[in-house]
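> I'd like to ask some things about the structure below.
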Amino acid sequence: MNAVLRETTMVAPLSVQGLHHAYEGNPVLAGIDLALEPGSVLGLIGRNGAGKSTLIRAMVGLLEPSEGKASVFGEPALRLSDATKGRLSYVPQQPEALAWLTAEQMLDYIGRFYPRWDRSFAKQLMQRWQIPQNRLLAKLSPGERQRVELIRALASQPDLLVLDEPAAALDPVARRELLREVAVRAGEFGTTVLFSTHIVSDLERVASDIAFVHEGRLILRSTVDDTKERFMRLWLPPRLSAAAPEIALSHRQHGDGSISLVVERDSEGQWPQASHLQGARIDPLGLEDLFVEIAE
Amino acid sequence: MDASLLTIQPASAEPIYRQIVEQLRRLIAGGQIAPGELLPSVRDVAGFHAINPMTVSRAYGMAESEGLLERLRGKGMVVAQVHRSTQTQAQRLGLLEPQLQALARQTTELELPAEPVLRRLSKLLGE
């Protein structure tokens, strides 16, 4: 049954084109094109204020961008059918909805709208994540509140899961559990996942793809593996600074005249000439270092 | 073999699929997992380490094409029936290639001539 479902839905679960947005004249998104492949897990990374949350909200149709198009499973994000809404779960950074209900009441109520709602999973996770069942959502701590929302999002067994900074409110054990859920669902049910985070190692575990957002633009979009293999940090001492390759993702001159650059393999997999010079240093870059280098 | 035998360092600059293949090479070369032994399923490895299953599949696929693993129909991946002794010297030397390249690179960076480095290495090897 699942296979049939998937064949008819090879259209991108999420896609945006030419997205621009501004808050009171301050540009937040400055022309973003992005599409997710079915079954991929895309980690969105960027500094605070880079535009991640705005981008996510525009992608799922909770915000009307000043310019550009957004679609969810091929439908305009701002006018989703109920059927498509039922396939999507979104967890905002600060959940506020239905605060006058208890966690148990909320899950019970919401569950009725989802054909694939997994009641026993919700119950089990409520216990494991120690959510007080009979307290009003409004009285829960922000962390508990976000955990309830994650339970809601997972229990509906969505085809598309969108999480805005899900790790912020979780302790390391719960975070690992969430990552495990995400990983296994992507593998087994082909769930497509978009999540933003500033914890790069979380992203490195489960993401198949990565997108760096910086100052409202997408400065890098690739698979996680490819990103790790394609970039290196090249350091050149002062006497070699003239040999610095012209094309580099970042270019930093240090006080002593030496230079650090983020360089990329060419189409044949070779590093730029300068990296073979005597005295040049070349170091592998983890994603976090890469991000710091190019986002500074 | 149990999934816990693998160690995953997500923050390493080395992609996770390469970390897995590298560890399989060593575990097999070192005899910690024997020919014919069943590997944990992709799901088990992905679940245990909370990593993307596609990464595990990719690692298994690569290990299979290297001849380290064999796919048994209906069972999963097992360690290939190749004995360590039947691996050629060139194959075993190949396992050291990344370390040798790193050593060569650092030697150049330190502007050291090859000779004292080789002398020291010979000594470490007990020759």
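The values are calculated or read from the model by the stated rules, or taken from the named source; none is laboratory data. Since this is a predicted model, take the numbers as computed values, not measurements. Cβ: placed from backbone, ideal geometry, glycine included. Neighbour counts: every protein chain shown.
> If you go through segment A:112-158, how many residues are polar (S, T, N, Q), assigned to a loop (DSSP other than H, G, I, E, B) and either more than 23 Å from A:D171 (Cβ to Cβ) or modelled with pLDDT of 90 or more (or both)? Give the steps one after another, and end with the answer.
Quick first cut of segment A:112-158, residues polar (S, T, N, Q) only: A:120, A:124, A:127, A:130, A:133-134, A:141, A:146, A:156-157.
So of that shortlist, the ones also assigned to a loop (DSSP other than H, G, I, E, B) come out as A:130, A:133-134, A:141, A:156-157.
Then keep just the ones that are either more than 23 Å from A:D171 (Cβ to Cβ) or modelled with pLDDT of 90 or more (or both); that gives A:156-157.
Count: 2.
> Go through (1) free of Cβ contacts under 8 Å to residues at least 40 places away in the same chain; (2) in a strand (DSSP E or B) one by one and return the number of the condition A:S241 breaks.
(2)
> Go through segment B:37-73 and count every residue that is more than 8 Å from chain A (Cβ to nearest Cβ), more than 16 Å from B:L5 (Cβ to Cβ) and not small (G, A, S).
First, the residues of segment B:37-73 that are more than 8 Å from chain A (Cβ to nearest Cβ): B:37-41, B:44-45, B:48, B:56-57, B:59-73.
Narrowing further to those that are more than 16 Å from B:L5 (Cβ to Cβ): B:57, B:61-62, B:64-67, B:70-73.
Pick out the ones that are also not small (G, A, S) and you get B:62, B:64, B:66, B:70-73.
Residues meeting the conditions: 7.
> What's the total number of residues in segment A:153-191 that are in contact (Cβ under 8 Å) with a residue 60 or more places away in the chain and more than 19 Å from A:K123 (Cβ to Cβ)? So that I can check it myself, show each step before the final result.
As a first pass, look at segment A:153-191 and keep what is in contact (Cβ under 8 Å) with a residue 60 or more places away in the chain: A:153-154, A:156, A:158-166, A:168, A:182-183, A:186, A:189-191.
Keeping just the survivors that are more than 19 Å from A:K123 (Cβ to Cβ) gives A:159-166, A:168, A:182-183, A:186, A:189-191.
Of the residues in segment A:153-191, 15 are in contact (Cβ under 8 Å) with a residue 60 or more places away in the chain and more than 19 Å from A:K123 (Cβ to Cβ).
> Of all residues in segment B:1-33 being part of a helix (DSSP H, G or I) and at the interface with chain A (Cβ under 10 Å from one of its Cβ atoms), which is surrounded by the fewest Cβ atoms within 10 Å (Cβ to Cβ)? Before the answer, list the steps.
In the first step, residues of segment B:1-33 are kept if they are part of a helix (DSSP H, G or I); the result is B:3-5, B:16-29.
After this cut, where a residue has to be at the interface with chain A (Cβ under 10 Å from one of its Cβ atoms) as well, the list is B:16-18.
Values: B:I16: 24, B:Y17: 22, B:R18: 18.
The extreme case among them is B:R18.
> Mind listing whichever residues of segment A:191-200 are at pLDDT below 90 and within 11 Å of another protein chain (Cβ to nearest Cβ)?
Within segment A:191-200, the first condition is being at pLDDT below 90, and the residues that meet it are A:197-200.
Hits for segment A:191-200 are A:I199, A:V200.
> Hey, another quick one. Pairs needed: first member in segment A:274-296, more than 20 Å from A:P237 (Cβ to Cβ) and modelled with pLDDT under 85; second member anywhere, in a strand (DSSP E or B) and of a type in the set (G, A, S); C-beta distance under 8 Å; at least 6 residues apart or different chains.
That search, which allows pairs on different chains as well, returns A:I294/A:S250; A:E296/A:S250.
> If the requirement is being crowded, with 18+ Cβ neighbours inside 10 Å, in contact (Cβ under 8 Å) with a residue 12 or more places away in the chain, within 30 Å of A:A35 (Cα to Cα) and not polar (S, T, N, Q), which of these qualifies: A:L125, A:L80? Can you show your working first?
Values: A:L125 fails: within 30 Å of A:A35 (Cα to Cα).
Of A:L125, A:L80, the one residue that is crowded, with 18+ Cβ neighbours inside 10 Å, in contact (Cβ under 8 Å) with a residue 12 or more places away in the chain, within 30 Å of A:A35 (Cα to Cα) and not polar (S, T, N, Q) is A:L80.
> Take segment A:139-148 and flag every residue that is within 14 Å of A:Q127 (Cα to Cα) and surrounded by 23 or more Cβ atoms within 10 Å (Cβ to Cβ).
If the condition is that a residue be within 14 Å of A:Q127 (Cα to Cα) and surrounded by 23 or more Cβ atoms within 10 Å (Cβ to Cβ), then A:R147, A:V148 are the ones that fit.
> Test A:L261 against the stated conditions and say whether it is under 30 Å from the mean Cα position of the chain (by Cα), among the hydrophobic types (A, V, I, L, M, F, W, C) and at pLDDT 85 or above. Talk me through it step by step, then tell me what you get.
Working: under 30 Å from the mean Cα position of the chain (by Cα): yes; among the hydrophobic types (A, V, I, L, M, F, W, C): yes; at pLDDT 85 or above: yes.
So A:L261 fits the description; yes.
> Given the structure, is B:G36 at pLDDT 90 or above, in a helix (DSSP H, G or I) and either of a type outside the set (S, T, N, Q) or touching a His at 6+ places or on another chain (Cβ under 8 Å) (or both)? Lay out the reasoning, then the answer.
Details: at pLDDT 90 or above: yes; in a helix (DSSP H, G or I): no; either of a type outside the set (S, T, N, Q) or touching a His at 6+ places or on another chain (Cβ under 8 Å) (or both): yes.
Against the criterion (at pLDDT 90 or above, in a helix (DSSP H, G or I) and either of a type outside the set (S, T, N, Q) or touching a His at 6+ places or on another chain (Cβ under 8 Å) (or both)), B:G36 does not qualify.
> Cβ contacts < 7 Å: first residue within 14 Å of chain A (Cβ to nearest Cβ), restricted to segment B:93-119; second residue among the charged types (D, E, K, R), any location; separation 6+ or different chain. Result?
Qualifying pairs under 7 Å: B:E109/A:R281.
> Restricting attention to segment A:165-182, does a residue exist that is out of contact with any helix residue (DSSP H, G or I) (no Cβ under 6 Å at 6 or more places or on another chain) and part of a strand (DSSP E or B)?
Checked against the condition, which is being out of contact with any helix residue (DSSP H, G or I) (no Cβ under 6 Å at 6 or more places or on another chain) and part of a strand (DSSP E or B), segment A:165-182 yields no hits at all.
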